[in-house]
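Bear in mind these aren't lab numbers, they're just calculated from the coordinates by the rules spelled out. Predicted model only: the values in this text are computed from it and were never measured. Methodologically, a virtual Cβ is constructed for each residue, glycine included, from the backbone with ideal geometry; neighbour enumeration extends over all protein chains shown.
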């Protein structure tokens, strides 16, 4: 069987969706170049202002003539088609004259950063084999090391430099001004190079990305059309020339008759001054990297407290280069009173600046903005490691195709071959290294990277390049560089192992790095350590390394200590203990730190020791210490309660003092501890809204309803099963207990709804189910089950079963339905034959469980779960406005056709595995596919009805157990191998089934996240016909509802004599959209079909 990553899991419908997503064909000027577009604009608007910088202005005719002179001189010194021409200027009008002159000469302009170290600049010049350099006299000493390369200076030589004029390869402004001003003949075709921009390289050397005129023209025309860049536009030039976003700002403006406004450096970095500059220059198009824009947002928000900020001329705000935080977008929109469009734009340099665009609508749910859809004539593909397409809603690596894909890297064929690949149809694609997924709305979400490339203030940085520079230091033996996400801006940290006997001084290392790396690539933090922490597979543990980093909140600037409020300090202690992290900042997101719904319960439980009555759901709404503390402090009256008594170690069976016994109900028959699963449910209910773990079944019935017989049958059921008479008490002793009462009357309510309109009668049962579920149950009062009957007429009615999961499980539910129908028929017919007596009841089972030795089991699970990593399921984003108000879970079903089910069953039989093991294997493959993890942890729901206890199959109660199941699929070549590995692993865990995942978290300290569960339901019940036949009436249809707090549960249910099969995903609506789960069901079915093919 092929490697799993090589499977194509796309259905025809999904492929059609992906094809529509990439249907971007649009005509553009395929025969044009950037030069010809500029010439044409000059002819149309020669007298319009082209550039306005500081106090300098040039109209189109002046800009054209001066750049023509540069072009003529470049031609004379030997520049030909595609010759790289280095451009080295600080922000000035001269840089635009230079780059236009370069492309007019037929060359490809190559912009450089004046702030780079001289050594780095000289390395780039040498590697690029530049044909000429255009710069200013102040940078002459930096670039003149190559005595043969022509150098054009667009200003006068300084006095001490004038002797250099005698050198044949140096030309100054006098030489430039002596050249003709007429247009140069066009010598480029659309496939010639237009520019080369260097980015950070993973090999330790920067990479020169080569972009052709054809790619740039397509992009420029798209920008002009999309953002309405016309002759009335005033466009900011924000990005430095060596940053590819400058292409987006310069050429659309200068080929449309617009005026380009380069932002002076002193203005660009001073938000109050910049705001005034935007207003006074009547800017219509503002383009920025998010990090820089956030500083402007803060200033706007500050000013808006006095009066609304107005930017009446601004039409389009373009944000690109980094992940865009929606919180900042909302703050901007709330602070600026004038309307304009805001866009989030994504694209690597290798795709000609941009590849996708998303227009902010204002109602986005997630914390970050999506990256949207492809530009014209561009395509984006999400592929697996084997370059197979990923279905919608699943994460894959982003590959980019289309007109904008770069030619490659300058003089680097090996790097080019690795990054620019062909698909199975011969289409050329750029492999970005970025990951994303296609959301249900057919817009792309950016997920991040899985390698060592990061963004620092909008600049692309390969961490390996920094590592290479560090390892060049003679006193450093090994190095790791990480990016640390701080609240203000990401910062780089270097973790260093010194050579034996060496002492590392950060100041010296930093000084050495400044000779070779750009400023934004210099690490902020330096740590000298003896060895790197390792993962079990031998790789460096980056998460552990980050623990060396001091708390971001511990310092502000360099010296000032930030003090925490009392609530913040309490939460900090709780989070550090629960998450086992020594350093947490006020703005760290709980879920980004590894938190989940289970750990949120633990947080809530610990909070109560401080007198804070916190629900775990509050963590979803306020996921940082700062926001959660503010919420607690602002709702102090409702949140604060007296601390509960400290818990004491739980005994295997309940041992009460005389005082505690007096707190028990007078009619109690048995006092029992909670089973492990009951503990998990109980603590969850205390932390979450009461509707969690409420099980409901709504039956539509036809026939005559005998009220008396039904009530008697329900009471007989209550008398038979002890668990139905349980109450759960927390006030008797520190640990909650359950008390089995001697007698409890069944709760049966019969309502005549015949007077309601037909439509209301049809929906009354569902409406009441919602209302009853929201009421929940008082666990201190019995029973935790109720029956509601809604009679539409004499022959049509609905029966609603509602019960708490703490007293029942799926097996028990099937058993009760069977027994209730049998009891009802016998009572109605007056032919009562008692049900076989139960030799063992619920209290016997509890005693049996607590009588089993658990020390060995605890040691096994501690070892088994060591170093387990949380399952990283992709999830949909929801804002507070999208909070799920009705039923918190939903279910996606797939009724398996008989022929398909038979084929699957036969496959399992051939490979000597159970039917359930087949589906468990398929589910783990799905989780591997979704999470991109090989080492997986999920919960497997076990009926836990060991045959060591007689008639255990006839006991009603919450007997199920959730086994932690861990499997590593790395290196497995076939699905058949995976089947056997999973079978062996599962059988091993079954030997130690005495403890649940929840109890392991509490007893052996394993910090594991349960994000997914699996259950196979084939309860031994009678024929469904007998269960649904009550004699006087029949159940025509039923609808099952159950709420839990696990994000994703995959269930397979076998039922009836035909062994029909139903597959279903139960999911939390706060985590996933229905379309997402539906697509995952399709993927699972594709995995199944390819596995047995």
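Once you compute Rg and the Kirkwood Rh from C-alpha atoms, what is the Rg to Rh ratio for the range 658-841?
1.00
Neighbour counts of other Cβ atoms within 10 Å put 259, 45, 659 in the fewest-to-most order 659, 45, 259.
Evaluated at q = 0.12, 0.15 Å⁻¹, the base-10 log of the normalised Debye intensity for the range 31-213, with identical point scatterers placed on the Cα atoms, takes the values -0.54, -0.86. Here the convex hull built on the C-alpha positions of the range 23-99 has a volume of 158 cubic angstrom per residue. Projection of the Cα convex hull of the range 327-445, averaged over all directions and equal to a quarter of that hull's surface, yields 8.8 nm². The calculated Kirkwood hydrodynamic radius for the chain is 33.5 Å, given to one decimal from all distinct C-alpha pairs.
For residue 831 and residue 1032, a Förster radius of 22 Å and the Cβ-Cβ distance give a FRET efficiency of 0.95, rounded to the nearest 0.05. Measuring between their Cα centroids, the range 64-121 and the range 404-439 lie 28 Å from each other.
Give me 1030, 682, 893 sorted ascending by neighbouring Cβ count inside 10 Å, so fewest comes first. Write down the numbers at each step before the final one.
Numbers: 1030 26, 682 18, 893 11.
So the residues, fewest neighbours to most, are 893, 682, 1030.
Kirkwood analysis of the Cα pair distances in the range 92-163 returns a hydrodynamic radius of 12.9 Å.
Working note: Cα atoms of the range 103-206, range along each principal axis, descending, whole Å: 42, 36, 21.
When you restrict to C-alpha pairs under 8 Å that are six or more residues apart and normalise by the size of the chain, the relative contact order lands at 9 percent. Would you calculate a helix-derived [θ] at 222 nm for the chain, using -39,500 (n - 2.57) for each DSSP H run of n ≥ 4 and dividing by the full residue count, to the nearest 500? Rounded to the nearest 500, the figure is -10000 deg cm²/dmol. Sorting 722, 847 from the fewest to the most surrounding beta carbons within 10 angstrom yields 847, 722.
With the alpha-carbon atoms of the range 135-273 aligned to their principal axes, the span from lowest to highest coordinate is 51, 44, 44 Å, starting with the largest.
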